[in-house]
1. Pairs Lys344/Lys456; Lys357/Lys485; Lys286/Lys357; Lys382/Lys479; Lys375/Lys446: which are spaced more than 19 Å apart, C-alpha to C-alpha?
2. Relative contact order, percent, of region 336-514 when contacts are C-alpha pairs under 8 Å separated by at least 6 residues?
3. Along the Cα→Cβ direction, 7 angstrom out, place labels at Asn358 and Glu336. What is the inter-label distance in nm?
4. Could you sort the peptides 352-359, 140-147 by per-residue average Cβ neighbour count (10 Å cutoff), highest mean leading?
5. Taking other Cβ within 10 Å of each residue's Cβ, how do His499, His381, His189 sort, fewest first?
6. As a footprinting exposure proxy, order Trp165, Trp440 by other Cβ within 10 Å, with the fewest listed first.
7. For region 336-514, what proportion of DSSP beta bridges, expressed in % and rounded to the nearest 5, is antiparallel?
8. Rounded to whole Å and sorted largest first, what semi-axes of the equivalent ellipsoid does the C-alpha gyration tensor of region 336-514 yield via the square root of 5 times each eigenvalue?
Amino acid sequence: MQVPNFLIMLGNRRNLIFRVSIVFNIAVLLYAAMHYSGNSAPGVDWVPITSEGLERTAELRYLKEDVRNETMVRFAEFGPRVAESTSQKVVPSTMSTVKKTVSSTASDVDKKISAAPSEVNIVNETLDVYDESVLSETTLTLLRQLLGCNDKDFLPETLQRGEFWVLKNYVRANHGAIACHESITYTTHGGFEFLDNLLPLVERWMAPVSLAIHAPGSDMMPTVNSIRYLRDCVGNDLILQYVTFHIFFSNKHIPSTIPVPEDFLKTSYNCSEPPPYIVNSSSTYKQQKNLLYPINVGRNIARGSALTHFVLPSDIELYPSPDLVPKFLNMIARNEAPLSTSSKPRVFPISIFEIAKNQNAPTTKSELQVMLRNKTAIPFHKYVCPTCHNIPHGKEWMTTLEGNQMEVFHVGKRQGKFVHWEPIFIGTNQDPFYDERLSWEGKQDKMTQGYVLCVKDYEFMILNNAFLVHKPGIKYYTKNVKRDKIGSRQSAYVRNVIHPELKKLYGVKSGCVL
């Protein structure tokens, strides 16, 4: 029986519609996949909100679920998140620098998001902060959009780094996993004999600390016992709450025993015993074996392990001014000039001072200025290496009154009479790392990083109210024949090997010297 023509035509039309629908569905799926991948912000450095920055911000879509999960629930349900993220001992956590309204609900956040016509409008909103020492939900929302950073896993790992073994996140802070925009991490390093500095540092920082401890050979056990003592016996939970410990040692000096944190943290330390870190440094394994201290290995481990976008790589004997974290992040969220007008890479140097041995570290710039006037405080290394830490407009900084807000005091460069400046600064992991071939004994271990910053035309945005104070006791230059010999060899190595490498990798720039 012959099929009528109109039925054949109808069948062909159905086949055509079916095929077109398949192509259309595939196109929709491809578009959705591309849109989704484009919305996952890569780990990039912060860009200022210029016209280009506005376009970048528009690309970094701030999803409603991200707000709910990353900004509200993280602190409202902090205890359960900690329990999920670590098998170590857990205490309730409160990020003291973050002011949260626990009664707020996810629907409240939904209303705030729906009320904003676009992400760009949120970023351009005027940030009115009544208390600079806390971080409001508005500030955190602005930071999340502005930074476009990626959150990191918070898991223990055993890694190799050249000749060194690294136990990353060996003992984790009980803050658990935190979002990259929520805080700043103080990253530092040392041997266990320097851990007496940790509590006064954390009491002033009150935010995450990433600490890399060099523990070769038999230094491992006093290192572990020092960690236990600090977590259990200092009279508060600040170390437990904020400090994550990493351990590293050379493959030539692997400890005979490496205790498992999940085992030794189950039992509280005997607090009637003296602190294990109070020892004569000559008794350590490192000193007995005449090992050089791989300072830049420790710096890079601690910095690279930080969970936050912003980091402050510093020395464990340098104590920060209180409330530095929230004040700095509020400044970033305000995004005023020169932050919003410069497109160059930048870091934020912090002024450093020494104080007399019988003095308490000042808590405000005003207190510091009184000490500078009565000579109980001096610029850092004034009697050791004044050019190393002589900051641009340093004298003006010391006489300028303390402001109500954290601001950029002056934008400097590492050139002219500051060509040998070794600033300590707030930056990110996008900044150059430290050359791990250099030792502390060889001196000038940060100079190579400073050279790269200069060649890359970094701007040094000096902060008006922030400062670091060295552990009490003013240092004076003393001749050390042994260290001078090591320093001479290291200087020659930098000059003959490292400097030619850096010129090939980064080029040269007038005014930049090493």
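1. Exceeds cut-off: Lys357/Lys485; Lys286/Lys357; Lys375/Lys446.
2. 36
3. 4.2
4. Descending packing order for the listed peptides: 140-147, 352-359.
5. The order, fewest Cβ neighbours first, is His499, His381, His189.
6. Details: Trp165 18, Trp440 15.
With the sparsest Cβ surroundings first, the list reads Trp440, Trp165.
7. Values: 9 of 14 bridges.
Close to 65 percent.
8. Calculated on Cα positions only, the semi-axes equal 28, 24, 12 Å.
Every read-out reported here was derived from the displayed coordinates using simple, explicitly stated rules and does not represent laboratory data. Everything quoted here is computed from the prediction, not taken from an experiment. Every residue, glycine among them, receives a Cβ derived from its backbone with ideal geometry; neighbour counts consider all protein chains shown.
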